[in-house]
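Following: one structure in structure tokens, then a few remarks.
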Amino acid sequence: MNILKFHSDEDFVQTGANLIASLLQSNPKAVLGLATGSSPVGVYARLVEMYNKGLVSFAKASSYNLDEYVGLPVDHPQSYRSFMNGHLFNHVDIDPARTHVPNGNAADLAAECLAYDQMLENNGPVDLQILGIGSNGHIGFNEPDASLSSGTHVVDLLDETREANARFFEKLDDVPRQAVTMGIGGILKAKQIVLLVRGQEKAEAVRNAVEGPITTQCPASLLQSHPNVVVLLDEGAGQWLK
């Protein structure tokens, strides 16, 4: 792992954006693995700025998002499709047909999971996968458990995950109880992984992920087995690292 801790949000954001922009400049047809959440928001905003300045193009790229809530309408403001449209897709030149988010409203969710994995198999591997981390060490919506699923699957969200996401909804009861998420095996197939983490509330999860034992009780710790991981941290998120 290449771990970088930043004293300024500006440097954090610019470094994350540069990693993606550099890939697109060298490989315009790159396959991007994208994530939602608060940590990548500034990176996406910076990429939009770079696009408007003519420094980067998404015209030939494709993208696959990690996850989506089950049962939330696609046009709901807290759906991950809405998140990606609002923060990135609607503001750059990416072809909407080449942007992929799991369908949490599929009539047959098991078939949707298999189809998503097949798309990744046919069009991948992902060149660069963006990740965030939950305070319990989850990546995507792969929650701590005795075992972890390799492929895309439906997951029951833990109470702590729903409570952490409740700030985006009017009340806790509005937070979906399930999500469709890429599995750990799918995530680890990416050629490069960039983990973006901001906030001191994530410090323990970061320490467990990068310095603790590899365990399914901290899904992010499995990133230690990947040969090309870049970890970008603000001061709060990195405060407990040795």
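The aspartates and glutamates whose alpha-carbon is closer than 20 Å to the alpha-carbon of LYS53, local same-chain residues fewer than 8 away aside, are GLU10, ASP11, ASP93, ASP95. DSSP beta bridges confined to the range 12-195 are antiparallel in about 40 percent of cases. For the range 29-182, a crude dipole built from +1 on the beta carbon of Lys and Arg and -1 on the beta carbon of Asp and Glu, taken about the Cα centre, is about 680 debye to the nearest 20. Per residue, the convex hull spanned by the Cα atoms of the chain measures out at 115 cubic angstrom.
In the context of the full set of protein chains, the chain has a per residue accessible area of 45 Å² (1.4 Å probe). Amide H to amide H distances under 5 Å link ILE130 with GLY33, LEU34, ALA35, VAL194, where only residues 5 or more positions off or on other chains count and H is placed in the peptide plane. Which one of LEU128, VAL175, PRO73 is farthest out on the positive end of the charge dipole of the chain, using unit charges on Cβ (Lys, Arg +1; Asp, Glu -1) and the Cα centre as origin? Of the candidates, LEU128 comes out farthest on the positive side. Solvent-accessible area of the range 12-195 (1.4 angstrom probe, protein heavy atoms only): carbon and sulfur portion equals 50 percent. Residues whose amide H falls under 5 Å from that of HIS100, counting only those 5 or more places apart or on a different chain, are SER63, TYR64, ASN65, with hydrogens built in the peptide plane. With Cα atoms defining each centre, the range 51-99 and the range 167-232 are spaced 20 Å apart in the structure.
The values are calculated or read from the model by the stated rules, or taken from the named source; none is laboratory data. Keep in mind that this is a model prediction, so the values were computed, not measured. FYI the Cβ positions are ideal-geometry reconstructions off the backbone, even for glycines, and counts take in every protein chain you see. Heavy atoms of the whole protein, side chains included, go into the accessibility calculation; ligands, DNA and RNA do not. Shrake-Rupley method; radii C 1.70, N 1.55, O 1.52, S 1.80 Å.
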